[in-house]
Structures are given as C-alpha cells and as structure tokens.
Amino acid sequence: MMNLNKVHLIGRLGNDPVMRTTQKGTKVTTFSLATQDFIKTKNESETTWHRIVLWGQSAEFCAKYLKKGSAVYVEGSMKVRKFESEDGKLNFMHEIHSMKIQTLGYKKETEVELTAESTELDELHHQS
C-alpha cells in the first residue's frame, strides 16, 4: 500500500511572513494562512487557519514579496511538531511544510517553486 502526504491550499495570509535563519544558515519563513469553506446548510462561511513553513529560496521569496492579505496557492505536506510549553505541558502543532508556493493576482515573474526532493526538505527541516 502506498502512502500520500500532500496538501493543496488556496487562501490569504493572516500576518506578514516572518523569516529567520537557522544555526546552520538556512532561511525559514512562517506565516498563517486562512482558508474558507462555505457551509450550505448554515448559509455562512467558516475560516480555518493553517501554519505554513517554507525553507530556502521559497522562504526568501515569501519574506520579500508577500504580506498580510496576499492571496496564495500552497502545496506541501503536513508535519506535526511537538514541543513542551513553559509550564511543562506537551503540545502538538500541525504545520504545512510547503514545497511550492504561487502568488495569485500577481505577474508570472513573481512565482517561485522549490524543486528540492522530499529527502532534502526533510534534511532542511531537521537542521533547524
């Protein structure tokens, strides 16, 4: 049996992207992305928030060109990160690690695609 971990989202940034550099010099950018689903039975929409993580060239692109409210298409995989809070409680955070991001409503020259193999992306993820 094959496994698949692939996520496709279209939404708007909920905050300006935040870029940092890991100890090994790799750029990583994060932002929140809002998607909306229309609930026909209630005649209203429901917003879902997603944490997006980008590495390397894609991270630099997002930090430079995107801002709160930008519309984007994101393609990536779901990762679960666990961490301990200051009070000692174990927490889990679901993140979308993007392998491709495309702006919507901008000129073609601002599109960027990270073509690294998934093993390279996993390696980058473990370096942070």
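Any read-out appearing in this document is the output of simple, stated calculations on the displayed coordinates, not a laboratory observation. Since we're looking at a predicted model, the values are computed, not measured. Here the Cβ is made from the backbone with ideal geometry for all residues, glycine too, and neighbour counts use every protein chain on show.
Over 31 Å apart at the Cα level, from the set 42/89; 42/82; 42/100; 6/64; 6/27; 24/64, are 42/89; 42/82; 42/100. Between the DSSP loop rule and a limit of at most 15 other Cβ atoms within 10 Å, which trypsin sites (Lys or Arg not before Pro) in region 1-40 are left? Counting only loop positions with at most 15 other Cβ atoms within 10 Å, the trypsin sites (Lys or Arg not before Pro) in region 1-40 are 6, 24, 40.
Modelled label positions at residue 48 and residue 12, each set 7 Å beyond Cα in the direction of Cβ, lie 1.9 nm from each other. Distance from the Cα centroid of region 81-106 to that of region 19-63 is 8 Å (rounded to whole angstrom).
Loop only by DSSP, 14 or fewer other Cβ within 10 Å of the Cβ. Give me the GluC sites (Glu not before Pro) in region 22-90 that pass, ordered by residue number.
Those that pass, being in a loop and sparsely packed, are 86.
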